[in-house]
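Accompanying notes for the structure given below.
Just so you know, all these numbers are worked out from the coordinates, no wet-lab data involved. It should be emphasised that the depicted structure is a prediction, and the values quoted were computed from it without experimental measurement. Counting neighbours? That spans all protein chains shown, and the Cβs are built from the backbone with ideal geometry, glycine included.
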Amino acid sequence: MTIYFEKMDIKQKISKVEEFVRENIKGYDSGHDWYHIVRVRNMALFIGAEEKVSNTFAIELAALLHDTGDSKFRNLDDHDSGELITELLLGLEVEQDIIEVVVMVNRYISFSSKEKQYELRDVFKIVQDADRLDAIGAIGIARALNYGGYRNNPIYLPDDASAGSSKSTIGHFYDKLLKLKGLMNTITGRRIAEERHEILERYLDEFYKEWNFQKSKT
Ligand code: ADP
Ligand code: NI
């Protein structure tokens with residue numbers, strides 16, 4: 001009986017958080033939409049199960065809230081995302097140590113985050129891997145092209161050899177996407193990243209073949 005009520009309770013809390021997230025990510029580009037959140041949640045729960053990490057509630061909350069208040073889409077006068085998340089989870093009577101890890105994931109998950117003052121806890125490692133896996137493979141390619149289009153970046157600049165500047169979407173593959181395989185935190189994440197990395201390599205091969213079509217014919 002108690003277990004039944006506990007389960008119901010967790011389910012209700014999760015659906016409140018889902019509601020909050022759906023509202024919060026409005027205005028993000030479509031590569032950061034609700035379906036991205038759902039994919040990251042599913043992948044994080046999968047990795048958590050494979051890695052035998054038991055705190056599925058923390059993994060699920062951290063995955064759902066990982067993009068809340070993303071600096072790419074925030075206005076300067078928006079509330080601090082850590083405060084927003086803490087307020088939300090306190091209202092749902094989530095334990096303090098879970099709130100802490102969820103806020104940490106939200107704050108430090110981004111590839112570009114320079115601060116490394118966090119302890120790499122299991123939940124963090126798992127959700128970061130899940131988020132990074134969504135940036136590679138077939139969906140990762142779609143998201144990169146979509147984001148580049150949203151920013152009106154060129155698809156490819158053949159004369160721009162400099163990596164690290166992301167002036168084009170193909171440039172972004174070298175700046176970030178091709179590096180993700182080597183940055184995985186978990187064994188499961190690495191295994192899936194290897195498969196998805198190959199898709200990127202095959203895509204680039206084909207891209208250059210098509211780009212250079214005229215050249216090779218003349
Ligand atoms: P995260 O949200 O995981 O911190 P990013 O915001 O850097 O990471 O990337 C989110 C998605 O947007 C990824 O799929 C990434 O490839 C894409 N993206 C970010 N910057 C660029 C860019 N300059 N060109 C193309 N895609 C980009
Ligand atoms: Ni994300």
Rounded to one decimal in nm, the spacing of the 7 Å Cα→Cβ label points at Phe207 and Thr56 is 3.8
FRET efficiency for Glu95 and Tyr35, Cβ-Cβ distance as r, R0 = 22 Å, nearest 0.05? 0.15
Counting only other residues whose beta carbon sits under 13 Å from that of Val38, what net charge do I get with K and R as +1, D and E as -1? -3
Of Lys167/Lys209; Lys125/Lys179; Lys13/Lys125; Lys16/Lys181, which ones are farther than 25 Å apart at the Cα? Lys16/Lys181
What are the ³J(HN,Hα) couplings of the range 53-59, residue after residue, when phi is run through the Karplus curve with 6.51, -1.76, 1.60 and θ = phi - 60°? Round to Hz, x for glycine and proline. 9, 8, 7, 5, 5, 5, 4
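Report the FRET efficiency, 1/(1 + (r/R0)^6), for Asp175 and Glu198, where r is their Cβ-Cβ distance and R0 is 22 Å, rounded to 0.05. Intermediate values should be presented prior to the final figure.
Details: r = 19 Å, r/R0 = 0.87.
Efficiency for this residue pair is about 0.70.
Report the FRET efficiency, 1/(1 + (r/R0)^6), for Ala49 and Ala138, where r is their Cβ-Cβ distance and R0 is 25 Å, rounded to 0.05. Intermediate results must be reported in sequence, preceding the final value.
Details: r = 23 Å, r/R0 = 0.93.
Once rounded, the FRET efficiency stands at 0.60.
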Label-point separation (nm) for Lys167 and Glu23, each offset 7 Å from Cα along Cα-to-Cβ? 4.4
